[in-house]
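Okay, so here's the structure we're looking at.
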Amino acid sequence: MIDRLEALRERGALPGYIAVEGPIGVGKTTLARRLAETLNYDVFLEHTGENPFLERFYRDPRGHALQTELFFLFQRAEQLRQMRQNNLFEQVRVSDFLIEKNRLFAGVNLDADEYQLYENVHQHLTLDAPAPDLVVYLQAPTEVLRERILRRGTAHEQNISAEYLEQLNEAYTRFFHFYDDAPLVIVNATELDIVSSERDYEELVRFLLDIRSGRHYFNPRSLAG
């Protein structure tokens, strides 16, 4: 795979900006870090742990949804401002989110009046992030997400309900059904093990490196045998 990477790099055929997306617990940050290491790219990650309302939101979603979503909106706007200021948009990088997820989560978490207020704020911010050269959408059933969240043991995430994860899964499915801003790879992450299985990871990377346009599906189970 190293030789192939170098050949693609010399031809300028590697995607310059890759975004990895998917619901909580699906493994997007792990994949983003590994891709950045493999490609020798910068990694641009969400800082969800900096949100002071997040733990309260998971305990009481209705009482803290608006504060949580507005904090994330302002945080990502500031990240983008810093990237523009430091000309980081010109660097090759991998991120573990799309800026569009702001509205996706707001649509799930806010009631109608809160969402209208959120939209009013959103429209007054500058969120002109560049479109990725490749988007990787990781999918997994709700029960798999819940199992992984419990296994990684982040304290405030233990309050996330299966019902909430199901809502997120449905929202992501709807969003990516219509997504056409960049080449898209939809990955069945149910049995994908990019931590312990080098074979799984390398097969995925090889698949991603072949994508230039359109919508594609990667199912690791279909590779067996």
Problem - Given charges at beta-carbon only (K, R positive; D, E negative), |dipole| of the chain in Debye - result: 260 debye
Problem - Cβ-placed point charges (K, R +1; D, E -1), dipole of the stretch 104-180 about Cα centre in debye, nearest 20 - result: 400 debye
Problem - Estimated distance in nm for a label pair at Glu100 and Asp133, the labels positioned 7 Å out from Cα along Cα-to-Cβ - result: 2.0 nm
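Checking a compactness column here: for the stretch 50-89, what do you get for Rg(Cα) / (2.2 N^0.38 Å), N being the number of residues?
Cα Rg divided by the expected 2.2 N^0.38 Å: 1.45.
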Practice task
Quote the relative contact order of the stretch 66-189 in percent (integer), defining contacts as alpha-carbon pairs under 8 Å separated by 6+ residues.
Solution key: 33 percent
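Beyond 23 Å, how much of the Cα-Cα pair distribution for the stretch 62-184 remains, as a whole percent?
41 percent
Hey, any idea what Rg/Rh is for the stretch 16-129, computing Rh the Kirkwood way over Cα pairs?
Using only Cα positions, Rg/Rh for the stretch 16-129 is 0.99.
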Handout entry: Distance histogram in 5 Å bins (all Cα pairs of the stretch 2-223, percent per bin)
Key = 1, 6, 14, 18, 21, 17, 13, 7, 3, 1, 0
Practice task
Compute the distance in nm between two label points, each set 7 Å from the Cα along the Cα-to-Cβ direction, one at Asp181 and one at Leu5.
Solution key: 2.8 nm
Practice task
Would you work out the relative contact order for the stretch 1-149, in percent, from Cα pairs under 8 angstrom that are 6 or more residues apart?
Solution key: 42 percent
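Bear in mind that the values in this text are calculations on the coordinates, not laboratory data. Bear in mind that the values here come from a model prediction, so they are computed numbers and not experimental data. A quick note on method: Cβ atoms are made from the backbone with ideal geometry, for glycine too, and the neighbour counts reach across all protein chains shown.
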